[in-house]
1. When you check residue B:51 against the structure, is it under 16 Å from the mean Cα position of the chain (by Cα), at pLDDT below 95, assigned to a helix (DSSP H, G or I) and within 7 Å of chain A (Cβ to nearest Cβ), yes or no?
2. Could you grab the pairs with beta carbons closer than 8 Å, sequence gap of 6+ or different chains, first residue in region A:166-177 and part of a helix (DSSP H, G or I), second one among the charged types (D, E, K, R)?
3. In region B:84-93, how many are part of a loop (DSSP other than H, G, I, E, B), in contact (Cβ under 8 Å) with a residue 12 or more places away in the chain and more than 9 Å from chain A (Cβ to nearest Cβ)?
4. Considering only region A:164-180, I want to know if a residue exists there that is facing another protein chain (nearest Cβ under 7 Å) and under 22 Å from residue B:43 (Cα atoms).
5. Would you mind telling me which numbered condition in (1) closer than 30 Å to residue A:142 by Cβ; (2) modelled with pLDDT of 95 or more residue A:1 fails?
6. Would it be correct to say that residue B:81 is under 17 Å from residue A:14 (Cα atoms) and in contact (Cβ under 8 Å) with a residue 12 or more places away in the chain?
7. Given the structure, is residue A:137 under 24 Å from the mean Cα position of the chain (by Cα), at the interface with another protein chain (Cβ under 7 Å from one of its Cβ atoms), more than 30 Å from residue B:16 (Cα to Cα) and not small (Gly, Ala, Ser)?
Amino acid sequence: MELPVFYVLAAVIVVSALLCITRRNPISAAMWLVATMLALGFLFVTLGAEFIGIIQVLVYAGAIMVLFLFVIMLLSLGGAPSDMRRWPAWVLALALVGTLALQLLALGRYSPERLAIEYSGIPSAEPDSVFHGSAVLQSQVASHGVVGAMAQPLFSTYLIPFELTSILLLAAIVGAVVLAKRKI
Amino acid sequence: MLLGPSLTLSAILFAIGVAGVLIRRNAIVVFMCVELMLNAVNLTFVALSRAHGVDGQVFVFFVMTVAAAEAAVGLAIILAMFRHDQSIDLRQVNLLKG
């Protein structure tokens, strides 16, 4: 059941991402990006990260994309001429992206089984006996629920990074107001 | 487990984002492609969190916070760019001074 859902969502994600980068109208590009992010949110739920999936839909597909659409409409860019670069840039881009994609596709060969064997040095090591994160996650979800399992490390192990993000958000608010206000 | 397919998908998504940044000249579309790349990285974190514990999901949380802050500041910069020379074409942006 999981696999067909994954492949349907993967197809939707790739097609709408490709449409997003090729549509001339910025509004269409933004709408296809919303489709990509929604499908990605569903994919997160399929992968067992329900809370992240909901946050993805709320924050990315909701808040951030509204901000983008707002700016596009504010600048009335709807009828702008094509902003695609000419062919030398295309050739260079395809060469660079092809190289990058080849390197990144090696990620697909990653497997916890092989990592467990290399990490522990035991030829017959099982991933679950070497890495305990997956078992800990399952027991945390069973005892605290999906949100509680994420809140536990967020407010204990990652407390300092969590507090730092509040400073980051404050700096972003101040920066955005200053940039929007002053005559630059 | 879907780990391999998820990581492959995130590689493809990241490459599409990079392609978008390289072939477009509209600053807002380029910015949207950067968000696409951030999403690809989030997919990697979520896929690996399934095998190695919940820390990956916490990192996605931080990435989303940074993306929200980046969107606010980036769009303010694009607005300032538009006010300065009535266009957000990246060919126009070749000076650091106003």
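1. no
2. Close Cβ pairs (under 8 Å, with a partner that is among the charged types (D, E, K, R)) amount to A:172/B:70.
3. 1
4. Scanning region A:164-180, I find at least one residue that is facing another protein chain (nearest Cβ under 7 Å) and under 22 Å from residue B:43 (Cα atoms), so the answer is yes.
5. Against the list (1) closer than 30 Å to residue A:142 by Cβ; (2) modelled with pLDDT of 95 or more, residue A:1 comes up short only on (2).
6. Criteria not met by residue B:81.
7. Yes; evaluated as a whole, the condition is true for this residue.
Residues checked against (1) in contact with a Leu (Cβ under 9 Å, 6 or more places away or on another chain); (2) more than 9 Å from chain B (Cβ to nearest Cβ):
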| position | (1), (2) |
| --- | --- |
| A:1 | no, yes |
| A:6 | yes, no |
| A:35 | yes, yes |
| A:59 | no, no |
| A:63 | no, no |
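The values are calculated or read from the model by the stated rules, or taken from the named source; none is laboratory data. Keep in mind that this is a model prediction, so the values were computed, not measured. Using ideal geometry, Cβ is built from the backbone for each residue, glycine included, and neighbour counts are taken over all protein chains shown.
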